[in-house]
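See structure below.
The values are calculated or read from the model by the stated rules, or taken from the named source; none is laboratory data. Everything numeric here is computed off the predicted structure, so don't read it as measured data. Backbone-built Cβ (ideal geometry, glycine too); neighbour counts: all protein chains shown. Accessible surface areas use protein heavy atoms only, side chains included; no ligands, DNA or RNA. Shrake-Rupley method; radii C 1.70, N 1.55, O 1.52, S 1.80 Å.
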Amino acid sequence: MASLETPICDFGWKAVDFDLPGVDGKRYSLASAQGKNGLLVMFICNHCPYVKAIRDRIIRDTKELAEHGIGSIAIMSNDPADYPEDSFDNMTRIAREHAYPFPYVWDETQATAKAYGAVCTPDFFGFNNQQELQYRGRLDASRKEAGPADLRRDLFEAMVQVAQTGHGPQDQIPSIGCSIKWRAD
């Protein structure tokens with residue numbers, strides 16, 4: 001399992017549209033996921049210990065961000081051939097068990113992950129209401145284990161700032177996680 005860090009935020013980079021199937025039987029696009037003040041696009045999966053460590057915090061933060069007009073969507077781009085825990089059936093089960101308050105969609109071709117330049121799980125992309133990238137950093141200081149409950153909420157604070165001003169913070173700390181499991185083409 002390779003651990004990777006995300007690149008520095010490319011402020012103003014425009015979000016790439018997608019049309020992906022959700023575990024709820026619906027299809028989702030950039031427009032259908034966006035809130036009035038912005039959008040949080042998350043690349044996550046089921047098996048990654050970094051994602052498991054912060055799953056409850058992702059749920060908490062996306063619920064609270066919705067109150068600030070920030071929509072959220074989670075995209076699973078791993079190849080489930082070598083990681084069966086990341087299968088669509090398991091995505092459906094995990095989303096139901098944890099009552100995900102956001103669409104959980106499958107990027108079967110991995111085209112969306114490639115278009116976004118996603119490198120790891122979790123990988124967070126925070127956009128303003130003009131679909132311009134304003135945040136590409138960590139959720140908080142947690143790693144493979146959840147940190148203390150009083151950790152600074154980096155992603156949440158950044159996205160509230162985006163909701164209020166349209167701009168993210170200049171100082172951002174990269175997210176760290178397991179590498180995207182690319183298909184062997």
Going residue by residue through region 130-138, the Karplus relation 6.51 cos²θ - 1.76 cosθ + 1.60 with θ = phi - 60° gives ³J(HN,Hα) values, rounded to whole Hz and with x marking Gly or Pro, of 9, 6, 9, 4, 10, 8, 9, x, 7
Rounded to the nearest 10 Å², the accessible area of residue 179 at probe 1.4 Å
20 Å²
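If we count every other residue with Cβ under 9 angstrom of residue 45's Cβ, Lys/Arg +1 and Asp/Glu -1, where does the sum land? Walk me through the numbers before you get to the answer.
Numbers: positive: 181; negative: 85, 86.
With Lys, Arg at +1 and Asp, Glu at -1, the net is -1.
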So how many Lys-Lys pairs in the chain land under 27 Å Cα to Cα, not counting same-chain pairs under 8 apart?
20
Counting only residues 5 or more places away or on other chains, whose amide H sits under 5 Å from the amide H of residue 135 once H atoms are built in the peptide plane?
126
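List the longest stretch of the chain that has no exposed loop site; here a site is one of the GluC sites (Glu not before Pro) assigned by DSSP to anything other than H, G, I, E or B, with at most 13 other Cβ within 10 Å.
Values: sites that count: 67, 145.
Value returned for the longest uninterrupted segment is 68-144.
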Residue order for 83, 50 - accessible surface, 1.4 angstrom probe, largest first
83, 50
Sorted by chain and then number, the residues having a modelled amide H within less than 5 Å of the amide H of residue 28, at least 5 places away or on another chain, are 20, 22
Accessible-area ranking of 57, 183, largest first, probe 1.4 Å
183, 57
For the chain, which cysteines have no second Cys with its Cβ under 4.7 Å from theirs?
9, 45, 120
Rounded to the nearest 10 Å², what accessible area does residue 109 show when all protein chains are kept and the probe is 1.4 Å?
100 Å²
Quick calc, the chain, dipole around Cα centre from Cβ unit charges on Lys, Arg (+) and Asp, Glu (-), nearest 20 debye, gives 200 debye
